[in-house]
1. Ignoring everything except DSSP H segments at least 4 long, calculate the 222 nm mean residue ellipticity for the chain; use -39,500 (n - 2.57) per segment, divide by total residues, nearest 500.
2. Hey, what angle do you get for helix 92-102 against the long axis of the chain, alpha-carbon based, 0 to 90 degrees rounded to 10?
3. Looking at the chain, which longest stretch skips every one of the trypsin sites (Lys or Arg not before Pro) that is in a DSSP loop with at most 16 other Cβ atoms within 10 Å, leaving the sites themselves out?
4. Taking every DSSP beta bridge with both residues inside the chain, roughly what % is antiparallel (nearest 5)?
5. Dipole size in debye (nearest 20) for region 4-146 around its Cα centre, Lys and Arg Cβ +1, Asp and Glu Cβ -1?
6. Amide H neighbours of Gly163 under 5 Å, at least 5 residues apart or on other chains, H built in the peptide plane: list them.
7. Quick check on region 126-191: take the gyration tensor over C-alpha atoms, sort the square-rooted eigenvalues as a ≥ b ≥ c, and tell me if it's rounded (a/c under 1.5), prolate or oblate.
8. Can you tell me which of Ile145, Ile171, Ile123 moves the most in a GNM of the chain? Springs connect C-alpha atoms under 10 Å apart.
Amino acid sequence: MLEIKNLTKTYKGGKTAVDDLSLTVRAGDIYGFIRHNGAGKTTTIKAVVGIHDFDKGEVRVDGKDVRTQSLECKKAMAYIPDNPDIYEYLTGIQYLNFLADIYQVPGKAREERIRREAEDFGIYSVLGDLVSTYSHGMRQKLALISAFIRRPRLLILDEPFVGLDPSASHIMKGYLADLCRGGSAVFFSTH
């Protein structure tokens, strides 16, 4: 599902953030990328999702090269950064429907997934409110729901527990396990 071979990323000024990293995450795996702050976790993730270019190595998602087949890779994955930027002028439901439209989630499945997941995460009653009124934790839950409703083949999470209460963390772990039982993979970073 995710294959990283000899990934190297050096920033201007000569600082090497990732040095010859290789790892494999297979379908059904939940892979915790655990290192201290400043160890290159976020840089690695941003290279995988196509935000950062890299100097050397190869990254494949579902067998496709992220450099030459980036659109196909992006269709197969969902990425939630540690501090997701969500369109604040949309309501929660508008945001979820916007992303469901982009990823072509069918209407009936979309409605069922949004209702179930928003109820599970405790934000169903505020989906009609503007995202600008949401707390950090509510925005994190909304971002998670936006990923789960599209059932990605690879879910990439950067520090996913930041801002989540214990109940939401427990619910998220259940959804991650369900996703992997369905043949997807999860790659997450934490310190």
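The values are calculated or read from the model by the stated rules, or taken from the named source; none is laboratory data. Small disclaimer: the values here were computed from a predicted structure and weren't measured. Cβ atoms come from the backbone with ideal geometry, glycine included; neighbour counts cover every protein chain shown. These area figures cover heavy atoms from the full protein model, side chains too; ligands, DNA and RNA do not enter into them. Shrake-Rupley method; radii C 1.70, N 1.55, O 1.52, S 1.80 Å.
1. Taking each H run of at least 4 residues, the total per residue is -11000 deg cm²/dmol.
2. Orientation of helix 92-102: about 50 degrees from the principal axis.
3. On the way: sites that count: Lys12, Lys15, Arg26, Arg35, Arg67.
That gives 68-191 as the longest site-free run.
4. Working: 14 of 28 bridges.
Once the DSSP bridges in the chain are tallied, antiparallel ones form about 50 percent.
5. On the way: 21 positive and 19 negative charges, 75 e Å.
Dipole about the Cα centre, nearest 20: 360 debye.
6. Under 5 Å from the amide H of Gly163 lies no amide H from a residue far enough along the sequence or on another chain.
7. Working: a/c = 2.04, a/b = 1.52, b/c = 1.34.
Verdict is prolate for region 126-191.
8. Fluctuation is largest for Ile171.
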